[in-house]
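Written below as structure tokens is the structure these notes are about.
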Amino acid sequence: MREVRRLRSVVIRWIVACACVLFGVAWAAEDRRALDEIQKYRDMLKDGNPADLMELKGEGLWTTPRGPKQATLEACDLGLGPGVLEGAYAQLPRWFDDAGRVLDTESRLIHCMTTLQGMTTEEAIQGWTRPGSDMEALVTFVATKSRGLPIRPSQSHPREAEMSAIGEALFFRRAGPLDFSCATCHSLDARRIRLQELPNFLDPASARESMIQWPAYRVSQSAVWTLERRLIDCIRQMRAPDADYGSDVIVALQMYLQRQASGGVLEAPGIKR
Amino acid sequence: MGNPMKIRARAEGDVVEVKVLMAHVMETGQRKNQAGELIPAWFIQRVEATYGDRVVLSAQWGPAISANPFMSFKFKGGAKGEKVRIAWFDSKGDTRTDEVIIA
Amino acid sequence: MEYPRRHFFIKAAGVIAAFAAAGWIDPTLADSVEWNKRAFDVKTLDELVGLLGGEPASISEAIHFDAPDIAENGAVVPLAIVSAIPGTESIAILVEKNPNVLAAMFTLPEGTLPEIQARVKMAETCNVYALVRAGGRSFYTAKEIKVTLGGCGG
Amino acid sequence: MTPRLCLIGGLILAALPAVAADSDVLQRAEDAMHRSFSTATEEEWRTRLAQDEVQALCSAHHNTPPPEIAERIVAQSRTNIRYPDDGKLLGNWKEGEKLASIGTGGHIGKIQPDRAGTRRGGNCYACHTMATKEVAAGNLGPTLTGYGKRLGSSPETVKFVYEKVWNAQAFLPCSHMPRFGANGWLTPEEIAHAVAFLLDPESPVNR
């Protein structure tokens with residue numbers, strides 16, 4: 001936590017320093033005050049993160065027999081062996097032999113729900129776009145089991161490195177009527193959209209600060225969003241059509257971002273705008 | 001019946017601090033869906049906290065309380081190991097009660 | 001849903017009546033198990049004070065109202081209110097420019113400290129009021145909170 | 001470009017870390033795109049997902065193109081600038097002010113598309129400080145507060161600002177700024193309003 005605060009204050013100081021040089025002290029003081037007040041806003045929300053409710057719900061879903069096979073998810077293998085939850089989220093996405101694909105947390109959960117519980121994919125992801133969906137709850141629960149552990153996406157299979165390289169290419173891929181790519185907003189230091197501070201995913205420290213918070217309660221949505229949900233919405237904001245849930249584009253971007261954020265100690269679930 | 005609340009209650013001296021998170025959409029009745037139709041209001045209207053037989057807080061809420069509400073309050077005379085119970089009642093007649101042991 | 005509702009009202013009515021009789025509940029705020037629709041329909045602070053009775057509210061520095069000056073999102077605005085007014089019986093939160101001004105009323109029985117935290121929605125930048133009732137009188141403090149636009153705008 | 005400049009450019013390029021993605025990876029990224037948008041229509045593929053030449057070049061070079069490609073982008077960007085029919089490049093600053101605040105419009109798909117009739121704006125405040133009364137201004141782009149005061153409003157300046165908003169890459173190849181005119185996002189008249197918001201002495205940007 002101390003490191004995050006120090007980073008924030010460095011960011012704030014940097015912004016203020018630039019501002020002073022360019023536009024004069026009065027303007028800078030105003031800007032700093034705005035950022036300080038936003039920091040206070042976030043601090044006040046930290047105690048009592050509604051995401052904790054989703055963790056409770058997710059735990060219930062994990063241990064309740066469901067689907068045609070009336071099985072729980074307790075035997076689900078998230079990469080570290082059946083039923084091993086501790087640290088699993090911090091090492092996803094990863095290659096899975098049994099699926100023949102690199103999977104992220106969501107797509108691995110879908111795999112478990114279809115194989116262990118006998119659900120269809122549609123049943124497994126039912127309502128994923130709505131607040132409080134089962135999938136968001138399950139991912140939140142799984143992520144909290146990696147809290148305090150470093151992000152360390154798997155590097156045991158060549159297809160994982162390939163996925164990360166594809167993710168990097170997609171990060172810079174501009175398209176659409178506004179020419180946006182992820183890099184448009186997330187490749188520069190200490191930048192904001194309006195007052196929203198933007199992580200610079202090319203900078204490992206900044207990438208870590210952002211990635212350790214997912215899944216996060218988003219106050220603007222009154223809901224917990226997983227990283228996957230967030231990326232799909234970023235793509236929507238770029239004015240593209242909907243990306244498929246669990247698709248390769250989403251998995252590849254996560255693989256790249258998790259690698260950029262390697263070593264960041266997970267604080268999930270976080271709270272974001 | 002709604003999803004479980006998350007309640008924390010901690011005694012310091014003879015003062016107990018209670019923090020509560022409730023799972024509720026708190027729909028205002030003013031928002032529109034994609035089709036442009038109003039989403040009907042649905043929100044917690046009353047909250048009651050009890051310690052044994054004693055009411056330690058009662059509240060009336062409108063739709064302007066945020067979704068997944070959080071509240072905290074403090075009362076005197078609570079003891080570690082005893083229970084605090086929270087109940088909410090919403091505008092559709094749903095209700096939920098949860099309790100926690102004071103730590 | 002009809003049955004549980006009736007059931008709850010009957011049961012809760014008994015509980016509330018018992019506590020009201022014991023003098024633990026401010027009768028003007030929570031004497032009914034029914035939601036106080038009239039209070040939540042008011043459009044101004046003065047109107048609410050009129051409804052509660054007594055003289056018009058006076059501004060008080062004995063109410064400490066902590067909140068950020070700027071909210072990153074109007075959907076969730078955290079507030080912390082502490083009243084140093086002796087005999088504080090209830091604390092209400094009002095948002096000046098919301099369609100319904102009253103957001104919440106907390107009734108504080110004897111033994112409950114006059115300290116409340118809650119989170120409210122704000123439709124736009126405006127004053128937020130903390131209204132305290134003590135000994136049949138009303139006191140308030142106001143704080144302007146700016147609601148900003150964030151994110152990509154869509 | 002003179003041979004000498006080319007040489008300098010080549011040296012600079014050699015000194016820079018290699019940023020161009022290799023073509024095999026780019027192809028795999030395109031394949032991943034084709035597997036990942038199963039509901040996109042043919043038109044959406046053409047206009048929203050496929051890249052035009054400039055987008056593809058900027059992507060492959062991570063927005064820092066080598067000199068000869070940079071030159072090509074600028075030259076191409078200068079070719080298709082259109083102006084309002086009435087020839088007025090300085091519109092109504094009040095209309096420009098509205099456009100600067102609107103961030104909606106153009107969202108498609110099933111999850112959260114814009115409602116019919118949603119106004120499409122320039123969303124300038126997302127990235128630029130303009131009128132100081134707007135606290136919530138972003139800083140992805142440079143501040144534009146007092147822009148007109150600094151630059152004046154000579155015909156050359158007005159034309160430059162108009163063309164910059166029409167297609168920023170006519171001046172700065174691979175600029176992060178959307179090509180508002182060239183992409184058909186804003187009309188020539190709307191861009192003239194934005195220019196007025198920036199340059200008009202009465203505009204809050206300059207007061």
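The values are calculated or read from the model by the stated rules, or taken from the named source; none is laboratory data. These figures come from a predicted structure and were not determined experimentally. Cβ sites come from the backbone with ideal geometry, for glycine too, and all protein chains shown count toward neighbours.
Some observations on this one:
- Exactly one residue among B:Gly52, B:Gly78 is surrounded by 23 or more Cβ atoms within 10 Å (Cβ to Cβ) and over 23 Å from C:Met122 (Cα atoms), and that residue is B:Gly78.
- Residue list for the range C:87-140, restricted to those being farther than 26 Å from C:Gly74 by Cα and more than 10 Å from chain B (Cβ to nearest Cβ): C:Gly87, C:Thr88, C:Glu89, C:Arg133, C:Ala134, C:Gly135, C:Gly136, C:Arg137, C:Ser138
- The range D:35-53 - residue that is facing chain A (nearest Cβ under 8 Å) and outside any loop (DSSP other than H, G, I, E, B) and, of those, surrounded by the most Cβ atoms within 10 Å (Cβ to Cβ): D:Ser36
For every residue, the table says whether it meets (1) modelled with pLDDT of 95 or more; (2) surrounded by fewer than 24 Cβ atoms within 10 Å (Cβ to Cβ); (3) facing chain D (nearest Cβ under 8 Å).
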residue	(1), (2), (3)
A:Gly167	yes, no, no
A:Arg173	yes, no, yes
A:Leu178	yes, yes, yes
A:Pro215	yes, no, no
A:Trp225	yes, no, no
A:Arg230	yes, yes, no
A:Asp242	yes, yes, yes
A:Ala252	yes, no, yes
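- Per-region count, the range B:31-71, residues over 13 Å from B:Ile86 (Cβ atoms), outside any strand (DSSP E or B) and within 14 Å of chain A (Cβ to nearest Cβ): 10
- Flag: A:Arg94 does not match the condition of being basic (Lys, Arg), under 20 Å from A:Met119 (Cβ atoms) and crowded, with 17+ Cβ neighbours inside 10 Å.
- Residues of the range A:81-128 satisfying the condition of being hydroxyl-bearing (Ser, Thr, Tyr) and in contact (Cβ under 8 Å) with a residue 40 or more places away in the chain: A:Tyr89, A:Thr105, A:Ser107
- In the range B:72-92, the qualifying residues are those that are farther than 30 Å from C:Asn73 by Cα and either in a loop (DSSP other than H, G, I, E, B) or of a type in the set (S, T, N, Q) (or both), and the one that is farthest from the other protein chains (Cβ to nearest Cβ) is B:Gly81.
- If only residues of the range B:1-53 that are among the small types (Gly, Ala, Ser) and touching a Gly at 6+ places or on another chain (Cβ under 8 Å) are counted, the one that is nearest to D:Gln112 (Cα to Cα) is B:Ala41.
- Residue that is nearest to the other protein chains (Cβ to nearest Cβ), among those in the range C:60-86 that are in a loop (DSSP other than H, G, I, E, B) and among the β-branched types (Val, Ile, Thr): C:Val76
A quick yes/no check of all residues on (1) assigned by TED's automatic domain parsing to the domain that holds A:Gln39; (2) of a type in the set (Lys, Arg); (3) in contact (Cβ under 8 Å) with a residue 40 or more places away in the chain; (4) not in a helix (DSSP H, G or I):
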position: A:Leu202; (1), (2), (3), (4): no, no, yes, yes
position: A:Ser220; (1), (2), (3), (4): no, no, yes, yes
position: A:Asp233; (1), (2), (3), (4): no, no, no, no
position: A:Pro241; (1), (2), (3), (4): no, no, no, yes
position: A:Ile250; (1), (2), (3), (4): no, no, yes, no
position: A:Tyr256; (1), (2), (3), (4): no, no, yes, no
position: A:Ile271; (1), (2), (3), (4): no, no, yes, yes
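- Scanning the range D:54-67 for residues that are part of a loop (DSSP other than H, G, I, E, B) and in contact with a Pro (Cβ under 7 Å, 6 or more places away or on another chain) yields one hit, D:Pro65.
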